[in-house]
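Only one structure is covered here, and it is reproduced in the block below.
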Amino acid sequence: MRRTLPALTVILTAALLWPATARPQDEEDPKVGSYSASFLMSVLKTDKKPERRRVAVSGLEQIGLRSQKGILAIMAALKDDADPGVREAAAQALSGIAQKAEQTREPKEQRPKMVDIRDGCLDALRAALKNDRDAKDPNKDKEREATLIAGFRASVSLLTESLKDPDSGVRAAAAESLGRLSDYAHDSVPALVETFKDKKADRSTRRYAAFAIGRIGGDAARDAVPNLAEALTDKDSPDEVRRSAATALGALKKDGAGGAAALGQALKDKNVDVRRAAAAALGQIGSENRAALKPLMEAAKDQDKFVRAQALQVLGTMTQDAADVLRVLTDGMQDQLLEVRLAAIEALGNLGPDAKAAVPVLRAARTDASSAVREAAAEAIKKIEKE
């Protein structure tokens with residue numbers, strides 16, 4: 001793999017030149033099983049067998065945040081290893097480490113109030129600083145965290161470059177990793193959009209590119225809405241790509257409203273997973289989904305119970321069209337499945353006073369054999385009659 005950008009040099013130089021009081025300290029030589037980080041790094045750097053290097057990457061991923069040098073070794077493998085399987089494993093390892101870090105949270109009140117610091121990856125790396133001899137010095141916090149942010153942004157540049165890797169597995173893993181590092185990857189969105197638009201790319205790469213666009217958000221992601229909408233309604237797009245496009249539009253919330261009409265069309269997709277993703281996305285977009293009103297009303301009778309229930313819930317947000325959706329919602333109260341009936345009742349309550357015409361039907365539901373239906377109907381009536 002040919003690379004000319006000095007991204008890795010930036011990362012390694014920053015790591016090596018950080019003063020001892022301003023960088024995370026590795027454990028002496030952390031292990032996974034009987035293998036130490038230093039041994040695994042040696043294998044990754046010098047072993048001629050790709051399968052052994054892939055195993056070394058996996059081991060370093062398991063060691064994770066306990067070894068800053070191990071993470072840097074994984075980044076080096078992503079940039080320079082000649083074997084596409086090793087590069088793919090390295091990209092996936094970075095994604096796995098980022099995902100674990102996202103799930104590691106310190107108590108909110110103990111985190112410095114810095115606008116830049118929102119990502120769980122950084123929270124986890126900050127936890128690794130506990131062994132720093134100056135970790136209790138508040139004057140060092142800003143310096144340490146700024147250095148870590150710079151390191152993550154440098155790794156984003158490396159992953160963005162990897163979107164052009166000749167191996168599809170590396171490209172897919174790089175796209176996924178950028179999505180996991182969403183708070184630092186805004187500059188990568190144009191490259192992700194180009195990756196998603198490439199119809200010759202494999203479906204996994206396009207799927208993870210859409211995932212990353214939705215996670216990152218922002219102005220550049222908003223500009224990608226037409227591309228996502230086009231792929232969603234393209235019958236030649238693979239099922240996974242259509243589904244991921246719908247999910248990405250939902251993740252953008254109000255910024256994805258420009259894709260509401262396409263999501264409405266997707267409610268008729270032959271693939272149930274695509275229909276489910278479209279219904280869920282319209283719920284995330286919220287009241288900006290009026291362009292999908294008619295398809296949502298039709299989807300309330302979909303063969304799939306999830307699509308029916310989700311469509312009813314979304315209709316419950318359309319107060320401006322209450323007169324049109326009331327009949328659909330009251331019909332939904334007659335569904336054979338309890339969860340669908342409850343969704344219809346909840347939606348009527350969410351319409352508030354605009355659903356007054358449905359109060360007689362809701363009162364009748366207070367005698368239903370199901371206690372859940374009785375309670376939901378009573379609660380909906382309270383919301384509707386509340387002055």
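The values are calculated or read from the model by the stated rules, or taken from the named source; none is laboratory data. Just so you know, these numbers come straight off a predicted model, no measurement behind them. Ideal geometry is used to build each Cβ from the backbone, glycine not excepted, and the neighbour counts take in all protein chains shown.
Consider K301 carefully, then state whether it is over 26 Å from K197 (Cα atoms) and of a type in the set (K, R). When the stated conditions are applied, K301 passes them. Of the residues making up the range 223-250, those that are part of a helix (DSSP H, G or I), among the hydrophobic types (A, V, I, L, M, F, W, C) and under 22 Å from G286 (Cβ atoms) are V225, L228, A229, L232, A245, A246, A248, L249.
Please find, within the range 201-221, the residue that is nearest to E88 (Cα to Cα) out of those that are in contact with a Leu (Cβ under 7 Å, 6 or more places away or on another chain) and not hydrophobic (A, V, I, L, M, F, W, C). Checking each candidate, the answer is G214.
When the range 46-82 is filtered for residues that are among the basic types (K, R) and more than 23 Å from K164 (Cα to Cα), the ones remaining, listed by number, are K48, K49, R52, R66, K69. Is it true that R171 is crowded, with 24+ Cβ neighbours inside 10 Å and not hydrophobic (A, V, I, L, M, F, W, C)? Against the criterion (crowded, with 24+ Cβ neighbours inside 10 Å and not hydrophobic (A, V, I, L, M, F, W, C)), R171 qualifies.
Return yes or no: is D255 farther than 19 Å from Y208 by Cβ, outside any helix (DSSP H, G or I) and touching an Asp or Glu at 6+ places or on another chain (Cβ under 9 Å)? No: the conditions fail for D255.
If you go through the range 197-222 and keep only what is assigned to a helix (DSSP H, G or I) and closer than 18 Å to G258 by Cα, you end up with K197, A210, F211, I213, G214, R215, I216, G218, D219, A220, A221, R222. No other residue among D335, D321 is outside the structural domain of V189 (by TED's automatic domain parsing) and farther than 28 Å from G217 by Cβ apart from D335. Of the residues screened, D234 is not one that is in contact (Cβ under 8 Å) with a residue 12 or more places away in the chain and in contact with a helix residue (DSSP H, G or I) (Cβ under 8 Å, 6 or more places away or on another chain). When P295, P353 are checked against the criterion of being in a helix (DSSP H, G or I) and surrounded by 15 or more Cβ atoms within 10 Å (Cβ to Cβ), a single residue qualifies: P295.
The set of residues from the range 240-260 being of a type in the set (D, E) and closer than 14 Å to A224 by Cβ comprises just one member, D255.
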